[in-house]
């Protein structure tokens, strides 16, 4: 590695990235090792220790209304939030990218239908539809993920389709075709690597967004089952004790903010690096 | 629009028998009573018939009657519109008052500590759940300092906290959009020309840069307006603010189809209307654009 390469790498690493990764690793590790941090589990309660303020009796973040340790519940809630964030984005990304590639490459009916769906989505206040749908099929972890995937794959499909439309006219792609490459090879080997950058940015920001959405819906009682520890549910709980116990609502919210901020910082950093518009040079290999 | 109402109407109808929901908690009525009530509310008819009625009613401003208390839906909505409008207008005001100066000071000195601070704060603003900000405001100003009424609608001071919550969240997005748009404009040649002919910084910024940066920023704000509606719903709920959002949420829990349908239709209409208004505003912002 010569000096120029080192300095280029150093230039890419900035405060935003370091801070974002730091926040993310805190929340990821605490969720992964939830059972180590809270060996008694998230639901161990002690009715004698109800609504204890932070720091009392070894409850660093205090306890809630039925004596459950808030510090123990937060990592477990994190598992739920991160699951929702990752799974919903993964599903919509795979579906969206697949359909976007097909629609952009082959055009035809699929393309027309896709663009109509995208129009509808742009003209509708989406959370209202999500609330309505969840009110109908009922709350629950997998239903929530289903609704998110159902409503978000279009974003990826639109983005990929647009990129494919411009890529397919490029000389490099035309040349590959002239060399006799199959459709699958052109799409997967030559187009996908060239358009995946913005998709990854969108996905990162959507993980953040979906964690927020999950907590919001759960807070309204339209998301995760209240018996399962989740950040939104803990906040809804804490709302009832605002007058007497500020800590019940404060710490889960901080946990959400830390996690979402981490993803947002990472997404922003990725956008600065990967967005071809900002950069003017490709990112092959 | 048509698709939206159809989707909502269809989804709402799947959600279970409204007549049973009406009696939640009360002693179960007998079968003949149930039938009679279904007939009276018109929910015994096929879905398409009900939908056609709703759609034609929407065109004439007749949204049907609430299942709960028989009040006309249009009346219920009219009662709640001022609440939502006041909230939306005051939060928009807060956000413009904050985001324009912040975005300018950040874009002018790109990379400076002001810029870094503004960017970090706007990113943090995007990262909290809006209802958590709402709860924290209640905790500090309602419960702790007792300066403001924690929720409900008592007097003019009640609007301060919900509007601040929404305003701050909006500011976070707007600052980012406006900053990006300003940076783009500031790097163009006509700004260099304006500067080189000796115009004061103030004129360059406000007259040349801000106007041109407003167009992309305003477009994005229009696109995000749907998300704002979602924020309104949650914030209204947290502050027990009488508005369209709480109306819709209550209608969901009570399976009050006509109210839910009507509210969602009106909100969707508002989103479409706002985007249309934004299209027209281009002409005002930039006289070169001919709207007609």
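Which of A:151, B:188 has the fewest other C-beta atoms within 10 Å, and how do the rest follow up to the most? Please report the intermediate quantities before stating the final value.
On the way: A:151 19, B:188 13.
Going from sparsest to densest Cβ surroundings: B:188, A:151.
I'd like the projected area of region B:80-285, averaged over all directions, using the convex hull of its alpha carbons. Report it in nm² with one decimal.
The Cα convex hull of region B:80-285, projected and averaged over all directions, gives 13.1 nm².
Taking neighbour counts of Cβ atoms within 10 Å as a proxy for exposure, in what order, fewest first, do B:219, A:257 appear?
Numbers: B:219 17, A:257 20.
In order of increasing Cβ crowding within 10 Å: B:219, A:257.
Can you sort B:80, B:207, B:110 by how many other beta carbons sit within 10 Å, fewest first?
In order of increasing Cβ crowding within 10 Å: B:207, B:110, B:80.
All of the numbers you see were taken from the coordinates with simple rules; none came from a lab. Only a predicted model underlies this, so the values are computations on that prediction, with no experimental measurement involved. Note that we place each Cβ from the backbone using ideal geometry, even for glycine, and neighbour counts take in every protein chain shown.
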